[in-house]
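Below is one structure, written out as structure tokens; the observations come after it.
The values are calculated or read from the model by the stated rules, or taken from the named source; none is laboratory data. None of these values were measured; they are calculated from a predicted model. Note that each Cβ is placed from the backbone with ideal geometry, even for glycine, and that neighbours are counted across all protein chains shown. In case anyone asks, the SASA skips ligands and DNA or RNA and just uses the protein heavy atoms, side chains included. Shrake-Rupley method; radii C 1.70, N 1.55, O 1.52, S 1.80 Å.
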Amino acid sequence: YKLRNKRLLEAQELQTLGWLALARGAKGIRYHYWKHPDNTFVLNKPLQDGLITLNLQISDVRDLLSPVAFVSASKALVPCRIPLPVTTNVLSTSSQDESMLAPRQTAELNVKTYLSWAGDKGMFVYVRNLDYSTDTQPDENGAKARFSAPRREDVKIAIPLPPWFNPGAARDLIKAGLVPYALNRTPVGAEAKLTLPELEAFCVIWIENRGR
């Protein structure tokens, strides 16, 4: 697929939209390829690698994905922190220590959160960074990406939970790490306040239900 006949989808765009489709309840992804003179897919190594990565990620959690049903989506402006800039020219040890101890700037981030249930096994939380930028200009077969999303840290996301749901560990399915959260119980249910250590274009969180 070419965006306005100027370039193909980039790897990060494909992965972002692929996981979004799954969060909305899709049961698989089918790819189509039309071979004609101006089709540059065979020259676009980043996109080919991204397609393989997406397929492997989906395959790893296909048993969880198979019963998924989309529930709701909501937009929010959430608190986060801007990462410290990476510096390679360090004049002295003391200046490096001061940089490491410098507080990260607080900010807000536009996100959209999609909630999907996998029966009573647990829930998927798909978080998309809406502060991305992109255009349809040529990207030299993926070598010079036109899509970008600002990396943010300590992104705070609140997830409503029904009273019957007993949450276990929250796991990042893309980066294979645990996501810390605080649980607030109410008479009508609960709210899990997740802190995403890092968010770029999107993330996919799985929260197991221990109450089955």
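In this structure, is ALA176 on the phi > 0 side of the Ramachandran plot and of a type in the set (A, V, I, L, M)? Break it down into steps so the answer makes sense when it comes.
Details: on the phi > 0 side of the Ramachandran plot: yes; of a type in the set (A, V, I, L, M): yes.
Judged against the criteria, ALA176 is a match.
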The residue that is most open to solvent (accessible area, probe 1.4 Å), considering only those in the range 134-179 that are hydroxyl-bearing (Ser, Thr, Tyr) and over 14 Å from the mean Cα position of the chain (by Cα), is THR134
Out of the residues in the range 53-72 that are part of a loop (DSSP other than H, G, I, E, B) and touching a Phe, Trp or Tyr at 6+ places or on another chain (Cβ under 9 Å), state the one that is surrounded by the fewest Cβ atoms within 10 Å (Cβ to Cβ).
-> PRO67
Meets criteria (closer than 28 Å to LYS27 by Cβ, in contact with a strand residue (DSSP E or B) (Cβ under 6 Å, 6 or more places away or on another chain) and without any contact (Cβ under 8 Å) to a residue 40 or more places away in the chain) for LYS193 | no
Qualifying positions in the range 42-52 - touching a helix residue (DSSP H, G or I) at 6+ places or on another chain (Cβ under 7 Å) and open to solvent by less than 60 Å² (accessible area, probe 1.4 Å) | PRO46, LEU47, GLY50, LEU51
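Yes or no: the range 140-148 includes at least one residue that is free of Cβ contacts under 8 Å to residues at least 24 places away in the same chain, farther than 18 Å from TRP19 by Cα and in contact with a Ser or Thr (Cβ under 8 Å, 6 or more places away or on another chain).
The initial filter retains those residues of the range 140-148 that are free of Cβ contacts under 8 Å to residues at least 24 places away in the same chain, namely 140, 144, 148.
Subsequent filtering for residues that are farther than 18 Å from TRP19 by Cα retains 140, 144.
In the following step, the residues that additionally are in contact with a Ser or Thr (Cβ under 8 Å, 6 or more places away or on another chain) were identified as none.
Checking the range 140-148: not a single residue is free of Cβ contacts under 8 Å to residues at least 24 places away in the same chain, farther than 18 Å from TRP19 by Cα and in contact with a Ser or Thr (Cβ under 8 Å, 6 or more places away or on another chain).
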GLU108: passes all of (1) at pLDDT 90 or above; (2) closer than 21 Å to LEU194 by Cβ; (3) in contact with a Lys or Arg (Cβ under 9 Å, 6 or more places away or on another chain) but (3)
Scanning for something β-branched (Val, Ile, Thr), modelled with pLDDT of 90 or more and surrounded by 14 or more Cβ atoms within 10 Å (Cβ to Cβ), does the range 73-93 turn up at least one residue?
-> yes
Just for the range 176-199: of the residues that are at pLDDT 90 or above and not in a strand (DSSP E or B), which one is nearest to LEU22 (Cα to Cα)?
-> VAL179
